[in-house]
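A.B. asks: Below are the structure tokens for one structure; questions will follow.
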Amino acid sequence: EGVLAQEYTALKCKVRRWSEQAQQLLALDGKIPSNANIFMVAATLRPETMCGQTNLFISPSIMYGIFQVSDTDFYLCTDRAARNMAFQGIFPEWGVIPKIMEISGSDVVGSVVHAPLSFKGDVYVLPMNTIKETKGTGVVASVPSDSPDDFAMTVELSKKADFYNIKQEWVCTEVISIIDTPEYGGTIAPALIKKLKISSPKDERQLLEAKEIAYKIGFYQGNMVLGEFAGKQVQEAKPLVRQRLLDSGDAFAYCE
Ligand code: A2H
């Protein structure tokens, strides 16, 4: 990790429908009104790719918190992220962590959330074991067209739905073009997965290489082909999409 702060875009994915387990736990706990807006908060460095979001990943082995941000609104993220947010003016009282309840990632798998800007609208929450508690919010927007990690996990979950204790129809295997690149075409992540012969999310070294190539080429050579800024270069579109998300209230700035 470098010395400079990392500025993420924290994307607010509103819960549309809880998984059965989560529904029961929330009802039992009783501290959150049933008409509350609860958002799963995903941290991204590529806000321009959110139009291609197909699922939302959480770690099945992380205990998440639900934090109250107003009378009606709540955020779901890691305790660690909430601690940082408390010192960034994101919660009502400076330095105070407004934790309301805890819920394990495995209990929220199968919930449905709204994905702002996504061509899908609403998406299912799926498990991703490689999510680190020490980074971002512990929640990741899946964009399989442009993130090799997300594509590899999507393929894995779709192949082994039973093993992961999910329904196969929750996995969105539709990968659409959102950024075009001269070398790798419109879906750089699957192209790199094939080229580097990556067969599972466990191929860490090759995935790291794919991730670096996808990030550089997407950013420096990519052109948007989907969304409001289609036709613009990624470099130009990135801050514009970010600002759109901040202005609409669908995202907020989060640093660490
Ligand atoms: B990115 P950095 Cl399209 N554990 O968003 C693992 N990965 C995490 C995470 C965590 N706790 N929190 C965030 N991330 C992911 C989009 C994207 C991302 C694309 C391409 C590359 C990419 C859609 N997923 O990231 O270590 C999030 O996924 C590759 C750099 O802080 C976030 O941005 O640099 C990125 O990793 C943050 O990683």
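Nothing in this text is a laboratory measurement; each read-out follows from the coordinates by a stated rule. The shown structure was predicted, so the numbers you read here are calculated from the model rather than taken from an experiment. Because the Cβ atoms are built from the backbone with ideal geometry, glycine has one as well, and the counts that use them run over all protein chains shown.
A.B. asks: Working only within segment 42-64, note down all residues that are more than 10 Å from the ligand (Cβ to nearest atom) and farther than 23 Å from Glu174 by Cα.
C.D. replies: Scanning segment 42-64 gives Pro60, Ser61, Met63, Tyr64.
A.B. asks: Criterion first (buried (at least 22 other Cβ atoms within 10 Å of the Cβ), over 13 Å from Val41 (Cβ atoms) and of a type in the set (Gly, Ala, Ser)) does Ser111 satisfy it?
C.D. replies: Yes; evaluated as a whole, the condition is true for this residue.
A.B. asks: Right, something else. Just name the residue that is farthest from Cys172 (Cα to Cα) out of those in segment 65-92 that are in a strand (DSSP E or B) and among the aliphatic types (A, V, I, L, M).
C.D. replies: Ile66
A.B. asks: For segment 226-238, what are the residues that are outside any helix (DSSP H, G or I) and exposed (fewer than 15 other Cβ atoms within 10 Å of the Cβ)?
C.D. replies: Hits for segment 226-238 are Glu228, Ala230, Gly231.
A.B. asks: Additional query: Among what's in segment 160-195 and is of a type in the set (Ser, Thr, Tyr) and surrounded by fewer than 19 Cβ atoms within 10 Å (Cβ to Cβ), pick the residue that is nearest to Ile131 (Cα to Cα).
C.D. replies: Within segment 160-195, the match that is nearest to Ile131 (Cα to Cα) is Thr173.
Rundown of residues vs (1) without any contact (Cβ under 8 Å) to a residue 40 or more places away in the chain; (2) in a helix (DSSP H, G or I), yes/no style:
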residue	(1), (2)
Ala152	no, yes
Leu157	yes, yes
Asn165	no, no
Glu169	yes, yes
Ala189	no, yes
Lys194	yes, yes
Lys197	yes, no
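A.B. asks: Let me ask something else. For the subset of segment 239-256 comprising residues that are surrounded by 14 or more Cβ atoms within 10 Å (Cβ to Cβ) and among the acidic types (Asp, Glu), which member is farthest from Pro182 (Cα to Cα)?
C.D. replies: The selected residue is Glu256.
A.B. asks: Among the residues of segment 51-89, count how many are out of contact with any Ser or Thr (no Cβ under 7 Å at 6 or more places or on another chain), buried (at least 19 other Cβ atoms within 10 Å of the Cβ) and β-branched (Val, Ile, Thr).
C.D. replies: Of the residues in that region, 2 qualify.
A.B. asks: If you check Ala42, Ala82, which single one turns out to be more than 20 Å from Asp149 (Cβ to Cβ) and not charged (D, E, K, R)?
C.D. replies: None of the other options fit; the residue is Ala82.
A.B. asks: Then there is this: Among the strands (runs of 3 or more DSSP E) contained in segment 94-141, which hold 2 or more residues that are under 15 Å from the mean Cα position of the chain (by Cα) and either within 11 Å of the ligand (Cβ to nearest atom) or closer than 26 Å to Leu207 by Cα (or both)?
C.D. replies: Qualifying strands (runs of 3 or more DSSP E): 122-127.
A.B. asks: How many residues does segment 196-218 contain that are farther than 15 Å from Met153 by Cα, in contact with a helix residue (DSSP H, G or I) (Cβ under 8 Å, 6 or more places away or on another chain) and surrounded by fewer than 17 Cβ atoms within 10 Å (Cβ to Cβ)?
C.D. replies: Final tally of qualifying residues: 1.
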